[in-house]
Amino acid sequence: MKLCMIGTGYVGLVSGVCFADLGNDVICVDKDLKKIDSLKKGNIPIYEPGLTELVIKNFKNKRLKFSNNLKKSIKDSDIIFVCVGTPTKKGGSSADLSQIYQVAKEISLSINKFKIIVTKSTVPVTTGDEIEKILLKRNNKNKFAVISNPEFLREGEAIRDFTYPDRIVVGANDKKSNRIMNTLYTPLISKGAQYINTSRKAAELIKYASNAFLATKITFINEIANLCEKTGIDVEDISIGMGLDKRIGGRFLRAGPAYGGSCFPKDTKAITSTADKFKTDLSVIKSVIKSNKNRSNLLLGRVFKILKNKIRNKRITFLGVTFKANTDDMRDSSSLSMIPALVKKGAKIKYYDPTGFKKEFSKTKNVSYIDNIKDSVKGSDLVIIHTEWNDFKSINFRNLVKGKKFIIYDMRNIYSPSKIINQGFKYYCIGK
Ligand code: UGA
């Protein structure tokens, strides 16, 4: 099939490349000419394991094209995926849909034959209705169908999540576009993915409800971890004991720092804001947002306690600063609030991250990037494991640094406490 992905951000690029790899002809469009030029050269703007190889392979075999000519790309395609950003509105909590509506206007000028317009971007309930209204201003209703096909890709696991999805949700109000979408996804359905067809509005809400539920699950276990710390219980026993109940499920029950990233913080806010608009109080999700906001302060409080409230001139190392492993994404990472708060109290921070230097800290005084684990922890008073990169999981601290022993605060519970203590280090973790 001939596909056009509008927006070469995370969603558009990963989905576009994966669709091309399934044998479709895909044009990825972006108005950012520099980005398009660098993509054509095989330079990928995001860190995602396996993505570069897949882009180069499909670009070479000509199934994947990059363009900044939106009109032509739309005209040449049968299915148009809208993959532009829906960030939180400045100063508010609802989703900013200006890019979506701008793209809808541009599509409406280029419909030359029947097109399926698919929103892959995360959009609030009824956005599809608004897109349809924009398209109807210039086009007959039998010239297009607007459907919702939310993505459930995790950063760092995106290619795997695309290829082996738990489910494919297609919100199509008409049979014809549902049939076409089903055909498009047949290679994945035949490998076991569940395909469900819902109303367009239901698909829009499935995406928000899923992210809000996962954020709730994480926040729930984080709060249970707080109780475990007070009562001398291991939170991992709780996660296993709860997770084995199939009604609960064991995934996303790992306690840690506040959840972050480009999705959960933004989408939890947006769904409560949409619900408020419909005069419905999503009080559970609102308290999840509040609890998560408070989590970084709570963990900082623990750091102060570990260092006996003497933070001035303490040398603190962060291993990993991104919001989770296998990504270079810093959006809403808890390190963004924790590091400046520690600096404010007089700490000297070093950090190492497998994805390198972070511009987010370039202007913060007393924060320096060290390009290897050994030098980053040398001379430290406290080492904080902030992100669960595999690179950190097998470190033997005793062999790594001779002499001075530091304290380790493992915010991801990646170590066995007894092993670290046997190496002679003081060890703190989450929910134990
Ligand atoms: C999330 C969803 O998992 C995807 O299904 C969805 O498609 C995506 O948002 C999106 O809306 O685009 P992502 O933000 O990439 O994906 O990252 P996750 O792996 O979900 O992690 C989010 C946060 O939760 C991270 O800070 C992570 O460290 C934290 N987390 C996750 C935990 O603290 N504990 C867990 O058990 C799992």
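Per-structure values
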{"item": "Whichever residue in the range 1-50 is within 21 Å of residue 118 (Cβ to Cβ) and of a type in the set (Ser, Thr, Tyr) and, among such residues, is nearest to the ligand (Cβ to nearest atom)", "result": "10"}
{"item": "Subset tally (residues that are surrounded by 12 or more Cβ atoms within 10 Å (Cβ to Cβ) and within 16 Å of the ligand (Cβ to nearest atom)) for the range 373-390", "result": "6"}
{"item": "Which numbered condition residue 216 fails, given (1) in the same structural domain as residue 410 (by TED's automatic domain parsing); (2) more than 11 Å from the ligand (Cβ to nearest atom); (3) under 25 Å from the mean Cα position of the chain (by Cα); (4) exposed (fewer than 15 other Cβ atoms within 10 Å of the Cβ)", "result": "(4)"}
{"item": "Matching option when the condition is among the β-branched types (Val, Ile, Thr) and surrounded by 18 or more Cβ atoms within 10 Å (Cβ to Cβ), among 414, 421, 370", "result": "414"}
{"item": "The range 299-327 - residue that is open to solvent by 30 Å² or more (accessible area, probe 1.4 Å) and either touching a helix residue (DSSP H, G or I) at 6+ places or on another chain (Cβ under 6 Å) or among the charged types (D, E, K, R) (or both) and, of those, nearest to residue 369 (Cα to Cα)", "result": "315"}
{"item": "Selection within the range 6-38 - open to solvent by less than 10 Å² (accessible area, probe 1.4 Å) and either in contact with a Lys or Arg (Cβ under 8 Å, 6 or more places away or on another chain) or farther than 22 Å from residue 79 by Cα (or both)", "result": "8, 12, 15, 20, 26, 28"}
{"item": "Residue 361 being away from the ligand (no atom under 16 Å from the Cβ), in contact with a strand residue (DSSP E or B) (Cβ under 7 Å, 6 or more places away or on another chain), under 19 Å from residue 305 (Cα atoms) and in the same structural domain as residue 224 (by TED's automatic domain parsing)", "result": "no"}
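Quick grid of which residues meet (1) under 19 Å from residue 123 (Cα atoms); (2) away from the ligand (no atom under 16 Å from the Cβ); (3) outside any loop (DSSP other than H, G, I, E, B); (4) without any contact (Cβ under 8 Å) to a residue 40 or more places away in the chain:
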site	(1), (2), (3), (4)
196	yes, no, yes, yes
224	no, no, yes, no
251	no, no, no, yes
258	no, no, no, no
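The values are calculated or read from the model by the stated rules, or taken from the named source; none is laboratory data. For clarity, every value in this text was computed on a predicted model and none was experimentally measured. Note: ideal-geometry Cβ built from the backbone for every residue, glycine included; neighbour counts use all protein chains shown. Accessible surface is based on the protein model in full, side chains and every heavy atom, while ligands, DNA and RNA are left aside. Shrake-Rupley method; radii C 1.70, N 1.55, O 1.52, S 1.80 Å.
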